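Here, each number is a calculation from the coordinates, and none is a lab measurement. Note that the structure is a prediction, hence the values are computed from the model and not measured. Heads up, the Cβs are rebuilt from the backbone with ideal geometry, glycines too, and the neighbour counts pull from every protein chain shown.
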Amino acid sequence: MSGQFDCVIVGSGTSGGVIAYYLTAGGMRCLLLEAGDAYGADTFPENDMDGSARMFWGGGLELSTTAEMAFLRARCLGGTSVVNQCLLDRFDEHAWDGWQAASGIGFLNGEEMAPHYAEVEGRLSIREVPPTHHNRNALLFVEGCERRGYQWAPLRRGETDCAIEEGNDCIACLNGCRRDSKQSTLVTFIRWAQALGLQVMPGFQVERLESTPDGVRLSGTHQGQMQEIRAPRVVLAAGALGNARLLLRSGFKKRLLSLGEGFYCHPQLMTFAEFDEPVDAHRGAFQACKSDDPRFRQAGFKLENVFAPPTSLAMLYPGFGPRLQAFMLRYRHLACIEVAVHDTVPGRITADARGKLHMAKRLEGEDARRGQAGLVAVREILESAGARTILQCPMSFGLHLMGGLAIGRDERTSVVNGRFNLHGFPNIYAADSSVFPAAPGINPALTIMALSHRASQEVLRDV
Amino acid sequence: MSEILTPREVRALERVGDVVVPACGPLPAFSATGCVRYVDDLLRYMPPGDVADIRLLLRILSVKPTAGIRFIMSLAGAGRRWPGPIGAALRMIEIGLKGLVVSLYYSGKTAPGYTGTVPTDAIGYRPRVIPRA
Ligand SMILES: Cc1cc2nc3c(=O)[nH]c(=O)nc-3n(C[C@H](O)[C@H](O)[C@H](O)COP(=O)(O)OP(=O)(O)OC[C@H]3O[C@@H](n4cnc5c(N)ncnc54)[C@H](O)[C@@H]3O)c2cc1C
């Protein structure tokens, strides 16, 4: 396939969907390639097993090299925006300062990014979860925080109508929102772009990328068949692990020494607490509140009230047999708070000859201290709310996979420049989670969208 | 029953399942639910290398008595605290086997004609999705 498209976008998640829309709206003929399948409100899997297996890489989760950390990322049209919680937060000055220091890129500050945030926010339905939607898990979180004098805030979510009053349980939307309420790129930017002529090809996994004198050559498998696509330019939006794998396999490490370095993931630690009365943490808006305490931000962690479906809960429980089953029988009586660590110790992504990814990432040093400080706060909150027993799960996991193609001025320490081009490759762009030069300690999705909007303007300017 | 596992491997998975999630109060044993028949729905989406590792493990476990399976699961669980490659291998075994078992068991899927309690019902997990009008 060649000559048909002005731009190919690899990966259809938070970044790919947004970029596809703005480029198509700007008059470019675009092709959006996605390794996973296309699902929708009528076809999303209805149980966690099928949801994890079909919609996530690795058949559910991928492990760090030491198997101490598990990573989750989606593999479907719409990418991780389909399975995430759609909590949409702007960065604060602390996050931007960290990015400035790490990248030296001038526009990475609140003021210059504000129009890009405003542009994407203006197209989505975003609202704070109201107190009327607090389930008992959220009420216990608020009660515990207030007793300990910790500040909290409502979560800000991309949704249109979750029908909480009518009894809808949002935990089911971890396998895709069957009400089309969650503002994933699948039901927003990709849908709008398709109406303008965007071509979408699910089931196409790009395996190699080559820079040619007249553009790029991509090859990969589509429904089991090898295919080649040529285009004048490509936007890489396959996420931190997807972009790193593709470029490492395609031999770019020789030119881009920092490729795969600087991998962050906001390691998360879950604590469950048992209460005498049922909590029913899985009911209604199962995530509603977060910590909003400057002391926590300073200490390098944040807290969110959250819960887990039974499969995840059973996995997180350290043990098996009758003890596990007895714990599971208390499912309705469990509350949960998660610590998300603002990690500072970078991990590394590599790929072996067969293309298997290896993520070297541990919760160690300063990050382990941050995690412990968070766990102490969680224990205080849960005890203040009247918890009978508390279980801190030993396994940590990463949902916010970031870095590997850090943005920056210095070619030796970064991969992408301030115009979102790979250093030395003016036809290859990236603006997704892979370009994060450091962990922000804040939900990344909205900033990925804002960066993607800015990148789309750069691409349009180049054409 | 499975197009990916041999009957011997399926039987081993059922025995591992009964060790990981045995009958307990209203909760049925793994093997009683018949959920093992859906194992291909999971394995089909896993990387081939991981499937090969799980099959090897199941073949090894198929010749062990139940006490041996329990010992290996305990050892794998203890691996959480071990450093180095041995700890990593043990954690992978624990996550691989336990992950397979609890995904099947707590999927809520049971064999056709199963009349016992569904595990998700027993723990009170019945999320409601209100269709859009
Ligand atoms: C369960 C969960 C909950 C989360 N909740 C939140 C939240 O509430 N708020 C928030 O800000 N963040 C959240 N996150 C994180 C957030 O969703 C991600 O950081 C974000 O979606 C990443 O966007 P991306 O565009 O970089 O990658 P993705 O959205 O992951 O998109 C990458 C896409 O590329 C595809 N791909 C990969 N390799 C290839 C290839 N070789 N060929 C073709 N296609 C390929 C993938 O299949 C995928 O669809 C959550 C994550 C998870 C897992």
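Need one word for chain B: rounded, prolate or oblate. Basis is the Cα gyration tensor (sqrt eigenvalues a ≥ b ≥ c); a/c below 1.5 gives rounded, then a/b vs b/c decides. Before the final figure, lay out the partial values.
Numbers: a/c = 1.58, a/b = 1.56, b/c = 1.01.
Taking the square roots of the gyration eigenvalues as a ≥ b ≥ c, chain B is prolate.
Within 10 Å of each Cβ of B:14-27, how many other protein chain Cβ atoms are there on average? Don't skip to the answer; put the middle values down first.
Details: counts 0, 0, 1, 0, 1, 2, 6, 7, 5, 2, 9, 4, 2, 6.
Averaged over the peptide's residues, the number is 3.
Helix B:84-105 against the longest principal axis of chain B: what's the angle in degrees, Cα atoms only, rounded to the nearest 10?
20
Using packing as a proxy for protection, rank A:256-264, A:8-16, A:408-416 so that the peptide with the highest average count of other Cβ atoms within 10 Å comes first. Present the calculation step by step, with values, prior to reporting the outcome.
Numbers: A:256-264: 23.7, A:8-16: 31.0, A:408-416: 19.3.
Ranked from most to least packed, the peptides come out as A:8-16, A:256-264, A:408-416.
Is there a simple number for the mean count of other chain Cβ atoms within 10 Å of the Cβ of residues in B:91-101, and what is it?
Numbers: counts 8, 3, 1, 5, 7, 2, 1, 6, 8, 3, 3.
Average neighbour count from other chains, rounded to a whole number: 4.
For the peptides B:38-44, B:3-9, what is the packing order when you average, over each peptide's residues, the other Cβ atoms within 10 Å and list the highest mean first? Mind dumping the intermediate values first?
Working: B:38-44: 19.0, B:3-9: 14.0.
Going from most to least packed, we get B:38-44, B:3-9.
Given the pairs B:K64/B:K109; A:K302/B:K98; A:K253/A:K290; A:K254/A:K361; A:K182/A:K254; A:K182/A:K302, which span a C-alpha to C-alpha distance of over 32 angstrom in this model? Each step should come with its number before you reach the end.
Working: B:K64/B:K109 28 Å; A:K302/B:K98 29 Å; A:K253/A:K290 39 Å; A:K254/A:K361 23 Å; A:K182/A:K254 41 Å; A:K182/A:K302 23 Å.
Cα-Cα > 32 Å for A:K253/A:K290; A:K182/A:K254; rest within.
Sort A:63-73, A:269-279 for me by packing, meaning the mean count of neighbouring Cβ atoms within 10 Å per residue, highest on top.
In descending order of packing, they fall as A:63-73, A:269-279.
Which angle between 0 and 90 degrees, to the nearest 10, do you get for helix A:136-148 versus the longest principal axis of chain A when only C-alpha atoms count?
Result, in degrees: 80.
Express in whole angstrom the spacing between the alpha-carbon centres of the stretch A:413-462 and the stretch B:10-48.
So the separation of the two Cα centres works out to 44 Å.
What does the structure give for A:53-60 when I average, per residue, the other chain Cβ atoms found within 10 Å of the residue Cβ?
For this peptide, the per-residue mean of nearby foreign Cβ atoms is 5.
What is the angle, in °, between the Cα long axis of helix A:239-249 and the longest principal axis of the Cα atoms in chain A? Nearest 10 is fine, range 0 to 90.
The angle comes out at about 40 degrees.
Taking 7 Å along the Cα-to-C-beta vector as the label spot, tell me the B:R70-A:A195 distance in nanometres, rounded to one decimal.
Once both label points are built, they end up 6.2 nm from each other.
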